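Engineer: Quick one: the structure is below, and I'll ask about it shortly.
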Amino acid sequence: MTNKSNIQKAYELAVEQYESQGVYVQQALDRMRDVAISVHCWQGDDVVGFEGNDGALGNGLAVTGNYPGRARTSDELRSDLQFAYSLIPGNHRLNLHALYGEFHGAVDRDAIGVEHFQSWIDWGRAQNVDLDFNPSYFSHEKASDGFTLAHPDSGIRQFWIDHGIACRKIAAAMGQAQGDPCVNNFWVPDGFKDIPASRKDPRQRLAASLDEIFTEKLSAEHTLDAVECKLFGIGSESYVVGSHEFYMGYAISRNKVLCLDAGHFHPTEVVSDKISSVLMYVPELLLHVSRGVRWDSDHVVTYSDELQAIMQEIVRGDYLNRVHIGLDFFDASINRVAAWAIGTRNALKAILAALLEPTEKLQQLERDGDYTARLALMEEHKTMPMGAIWDHYCQTSGVPVGAQWLEKVREYETNVQSGRQSKLSAVDG
């Protein structure tokens, strides 16, 4: 048999096994095709952007590694992204930060406009890739002391307020052009290295700044505002203004999307346990799926227990239409396109595994109080032949099956990335 027929045979046998458990594979695959992961642009260039700052990161951000082939221009980044998408089954989005505009000269962040992102909008429409967006409250001289929207200086605070207002207009234009809402996520790194004398004052300033940014009502058909919490950061170890409690309260009271990053909590906390709680009180949820080896270290997403638990929670709660799934990692120690492929394919595998779970049967056993059978079936499900379904999904989606994608990355590295002059583009932490 050919490799293609081997995949088909394995798929047919797997379908029989799943159907014996009351799981209909075709229904799971139909739902999979509607899942769009928001792939983050900043993995491709180590969070450098195109403002001409030559890779100078700040505000607690550090990218380690010096693997050759970093994208240095928007065209190189788009080329890498298009190649990465060709390795990933399904149609997916792009998460773009404000420092990735095409500025063609000095344009400060309070003055950016739609025109600086028109090429991204045009590219997205041509590639059938919808865009999401993020203001960039870091790597800037007006953020050098660790404060932006909560800054005690009203002038600096206004600069960052104006940046947020500009970003909302850009996001709305993106959403209008693509006919689908652009999720615009606000992460603000403000905080203190040591114990503050007042925890209240910066939080009052941050809330007031956000309120001013969100004053103009924009159509939810064009853009959705999201706010992202954090536990601590490099340089803000003792106090972060935008804590989980701050943003949870803000999102509930202002009807905003809440963003939960898998690396932004205490190591004993897991995002999977928070999803059903927060969705009782906020309209929608944005996830930044990452892997924190040592807290928020943003490693490439692997097929871990927590990744599976996150996707199980989304599927079990029937939240796929209320949760926006994005990725957030940056590793400059390996091929950057490979990092995208590994992380995104793993996130999709975890979603597929969750969709292939006999959810209704498990929940009925729970309602019946049969916890023995619930645990037994959960454990048996772990060795079901999901890999055969995944291979079939990749094959029918026209992308490489198994590790075949890696050989394509090697060819791309040789033919495209190796021609880029390499230089250290990230802070080695």
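A short reminder: the numbers here are calculations on the coordinates, not readings from a lab. Just so you know, these numbers come straight off a predicted model, no measurement behind them. Glycine gets a Cβ as well: all are built from the backbone with ideal geometry, and neighbour counts include every protein chain shown.
Engineer: In nm, to one decimal, how far is the modelled label at D370 from the one at Y319, with both set 7 Å along Cα→Cβ?
Structural biologist: Here the modelled spin labels are 2.8 nm apart.
Engineer: In degrees, nearest 10, range 0 to 90: what is the angle between the Cα axis of helix 336-355 and the longest Cα principal axis of the chain?
Structural biologist: With both axes taken from Cα atoms, the answer is about 50 degrees.
Engineer: Please label the shape of region 138-192 as rounded, prolate or oblate, based on the square roots a ≥ b ≥ c of the eigenvalues of the alpha-carbon gyration tensor (a/c under 1.5 means rounded; beyond that, a/b larger than b/c means prolate, else oblate).
Structural biologist: Judged from the Cα gyration tensor, region 138-192 comes out prolate (a/c at least 1.5, a/b above b/c).
Engineer: If amide H atoms are built 1.01 Å from N in the plane of the peptide, which residues on other chains or at least 5 residues away come under 5 Å of the amide H of D261?
Structural biologist: For D261, the qualifying residues are C229, H288.
Engineer: For K349, which lysines qualify as cross-link partners when the Cα separation must be under 28 Å and same-chain residues fewer than eight apart are set aside?
Structural biologist: K4, K9, K230, K274, K361, K382, K408
Engineer: At a temperature of 25 °C and a viscosity of 0.890 mPa s, determine how fast the chain diffuses translationally according to Stokes-Einstein, using the Kirkwood radius over alpha-carbon pairs as Rh; express D in µm²/s, rounded to the nearest whole number.
Structural biologist: 109
Engineer: What residues have an amide H closer than 5 Å to that of L131, excluding those fewer than 5 places away on the same chain, when H is modeled at 1.01 Å from N in the peptide plane?
Structural biologist: Under 5 Å from the amide H of L131 lie the amide H atoms of L94, each far enough along the sequence or on another chain.
Engineer: Once label points are set 7 Å from the Cα along Cα→Cβ at both K193 and S418, what is their separation, rounded to one decimal in nm?
Structural biologist: Going from the K193 label point to the S418 one covers 4.4 nm.
Engineer: To continue, here is another question. What is the local net charge at E306, summed over the other residues whose Cβ is closer than 13 Å to its Cβ (Lys, Arg +1; Asp, Glu -1)?
Structural biologist: Residues near E306 contribute -3 overall.
Engineer: What are the lysines whose alpha-carbon lies under 17 Å from the alpha-carbon of K169, with same-chain residues fewer than 8 places away excluded?
Structural biologist: Leaving aside lysines fewer than 8 places away in the same chain, those within reach of K169 are K217, K256.
Engineer: Any chance you could give the angle, 0 to 90 degrees and rounded to 10, that helix 305-316 forms with the longest Cα principal axis of the chain?
Structural biologist: 80
Engineer: How many percent of Cα pairs in region 1-138 exceed 22 Å?
Structural biologist: On the way: 4936 of 9453 pairs.
Above the 22 Å cut-off, region 1-138 has 52 percent of its Cα pairs.
Engineer: Applying the Karplus parametrisation 6.51 cos²θ - 1.76 cosθ + 1.60 with θ = phi - 60° to the phi angles of region 366-373, what ³J(HN,Hα) value in whole Hz is obtained for each residue in order, glycine and proline being reported as x?
Structural biologist: 5, 4, 7, x, 8, 6, 5, 5
Engineer: Let me ask something else. Once the other residues with Cβ under 11 Å from the Cβ of N3 are scored (Lys, Arg +1; Asp, Glu -1), what is the net sum?
Structural biologist: Value of the local net charge: +1.
Engineer: With the cut-off at 1.5 for a/c, could you classify region 226-300 from its C-alpha gyration tensor as rounded, prolate or oblate?
Structural biologist: oblate
Engineer: Would you tally the net charge around S154, using a Cβ to Cβ cut-off of less than 12 Å, leaving S154 out, and scoring K and R as +1, D and E as -1?
Structural biologist: 0
Engineer: Residue by residue through region 209-217, which ³J(HN,Hα) values in whole Hz follow from phi under the Karplus form 6.51 cos²θ - 1.76 cosθ + 1.60 (θ = phi - 60°), with glycine and proline marked x?
Structural biologist: After applying 6.51 cos²θ - 1.76 cosθ + 1.60, I find 5, 4, 4, 5, 4, 8, 4, 6, 7 Hz.
Engineer: Also: When the helices in the chain are scored as -39500 (n - 2.57) per DSSP H run of 4 or longer and the sum is shared across all residues, what 222 nm value do you end up with, to the nearest 500 deg cm²/dmol?
Structural biologist: -13000 deg cm²/dmol
Engineer: If amide hydrogens are placed 1.01 Å from N in the peptide plane, which non-local residues have theirs closer than 5 Å to the one on T223?
Structural biologist: For T223, whose amide H was placed from the backbone, the distant partners under 5 Å are C182.
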